[in-house]
Amino acid sequence: PGVSAFANSSVYAKLLKNHNSVYTSREAIVKRSPFSGHAMNLIDLTGTYCATGKNSDNSRFNIMSAVLSFGSALAAEASGEKSVGIITPYAAQTRLVRAMIQDYRKESKTDTTCATVHQFQGSERNVIVFDAVESYPSTKTGWLMSKNDNGSVTRLINVAVTRARGKLITVANRGYWVNKFSGSDHTFLKLIQHLLQSGNVVGVKDKALQ
């Protein structure tokens with residue numbers, strides 16, 4: 001219910017109804033670490049050096065957010081969660097996280113998977129880490145996260161959020177999104193605002209991120 005609340009209010013005009021079973025069947029997922037007891041979470045990268053770059057195909061990547069996304073997935077697995085996925089809008093970030101996963105598997109075991117949001121459509125995991133990638137020094141967001149012709153960004157964010165059965169961890173630079181899209185109805189900014197109002201937020205100021 002905590003996950004569906006955002007999609008219900010921001011995408012489906014409050015027409016969604018939760019089946020009675022989900023009020024109890026997702027409790028075990030939510031109780032596990034990281035962020036025990038919280039279904040909706042924001043790792044706020046504001047104030048960190050989370051620089052975004054892009055490759056020759058103009059696909060975007062962010063090393064800091066990739067490290068924190070993979071680290072969050074490993075923390076979920078360490079708590080006993082067997083169903084964890086990392087999703088991101090950009091292929092370059094997906095390749096970066098997959099390289100981290102491959103390197104990690106040389107020494108340890110992980111069942112975490114990583115894919116773009118579009119590749120993950122139709123799939124679900126108990127815990128989803130949504131790595132938004134975008135940050136400074138980019139002056140503009142990439143087209144996947146900025147163009148909303150025919151509601152494309154809304155669909156992308158909706159798919160990303162609703163891949164999580166029980167817990168969503170969003171990794172994003174809140175300050176960047178607020179500065180770029182303040183006053184707009186951008187769907188990812190709506191998600192940020194929803195998390196700030198109703199979710200669990202960790203960042204630099206309260207030293208929780210460290």
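The values are calculated or read from the model by the stated rules, or taken from the named source; none is laboratory data. Since this is a predicted model, take the numbers as computed values, not measurements. Using ideal geometry, Cβ is built from the backbone for each residue, glycine included, and neighbour counts are taken over all protein chains shown. Remember, those area values only see protein heavy atoms, side chains included, never the ligands or the DNA or RNA. Shrake-Rupley method; radii C 1.70, N 1.55, O 1.52, S 1.80 Å.
Only one of these conditions is not met by Val178: (1) surrounded by fewer than 18 Cβ atoms within 10 Å (Cβ to Cβ); (2) among the β-branched types (Val, Ile, Thr); (3) touching an Asp or Glu at 6+ places or on another chain (Cβ under 6 Å). Which number is it?
The single condition Val178 does not satisfy is (3).
Grab the strands (runs of 3 or more DSSP E) fully contained in the stretch 1-96, keeping just those with 3 or more residues being open to solvent by less than 40 Å² (accessible area, probe 1.4 Å).
Result: 40-44, 84-88.
Okay, residues lined up against (1) under 13 Å from the mean Cα position of the chain (by Cα); (2) without any contact (Cβ under 8 Å) to a residue 40 or more places away in the chain:
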| site | (1), (2) |
| --- | --- |
| Val153 | no, yes |
| Asn158 | yes, no |
| Val161 | yes, no |
| Gly175 | no, no |
| Asp185 | no, yes |
| Leu191 | yes, no |
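Return the residues of the stretch 184-210 that are among the polar types (S, T, N, Q) and either in a helix (DSSP H, G or I) or open to solvent by less than 60 Å² (accessible area, probe 1.4 Å) (or both); say none if nothing qualifies. Spell out how you get there, then give the answer.
Quick first cut of the stretch 184-210, residues among the polar types (S, T, N, Q) only: 184, 187, 193, 197-198, 200, 210.
Correct list: Ser184, Thr187, Gln193, Gln197, Ser198, Asn200.
Return the pair list, or none, for Cβ contacts closer than 7 Å from residues in the stretch 97-114 that are under 15 Å from Val67 (Cα atoms) and open to solvent by less than 50 Å² (accessible area, probe 1.4 Å) to residues that are modelled with pLDDT of 95 or more and in a loop (DSSP other than H, G, I, E, B), at least 6 apart or on different chains.
From residues that are under 15 Å from Val67 (Cα atoms) and open to solvent by less than 50 Å² (accessible area, probe 1.4 Å), the pairs are Ile101/Thr110; Ile101/Thr112.
Can you run down the residue pairs with Cβ atoms below 6 Å, 6 or more apart or on separate chains, where the first is in the stretch 44-70 and within 13 Å of Glu134 (Cβ to Cβ) and β-branched (Val, Ile, Thr) and the partner is at pLDDT 95 or above and in a helix (DSSP H, G or I)?
Thr46/Arg174; Thr46/Gly175
Of a type in the set (Val, Ile, Thr), at negative phi, modelled with pLDDT of 95 or more and in a strand (DSSP E or B), is that true of Ile101? Spell out how you get there, then give the answer.
Working: of a type in the set (Val, Ile, Thr): yes; at negative phi: yes; modelled with pLDDT of 95 or more: yes; in a strand (DSSP E or B): no.
In short, no.
In the stretch 62-99, what count of residues is obtained for those that are closer than 20 Å to Gln210 by Cβ and under 18 Å from the mean Cα position of the chain (by Cα)? Give the derivation first.
Taking the stretch 62-99 first, the residues closer than 20 Å to Gln210 by Cβ are 62-76, 78-79.
Right, trim to under 18 Å from the mean Cα position of the chain (by Cα) and you get 62-76.
So the count comes out to 15.
May I ask you to verify whether Leu156 is of a type outside the set (Val, Ile, Thr), in contact with a Leu (Cβ under 7 Å, 6 or more places away or on another chain), open to solvent by less than 40 Å² (accessible area, probe 1.4 Å) and closer than 17 Å to Ile87 by Cβ?
Details: of a type outside the set (Val, Ile, Thr): yes; in contact with a Leu (Cβ under 7 Å, 6 or more places away or on another chain): yes; open to solvent by less than 40 Å² (accessible area, probe 1.4 Å): yes; closer than 17 Å to Ile87 by Cβ: yes.
Yes: the conditions hold for Leu156.
Provide a single number: the residues in the stretch 118-129 that are crowded, with 24+ Cβ neighbours inside 10 Å and either more than 23 Å from Lys31 (Cα to Cα) or in contact with a Lys or Arg (Cβ under 8 Å, 6 or more places away or on another chain) (or both).
So the count comes out to 3.
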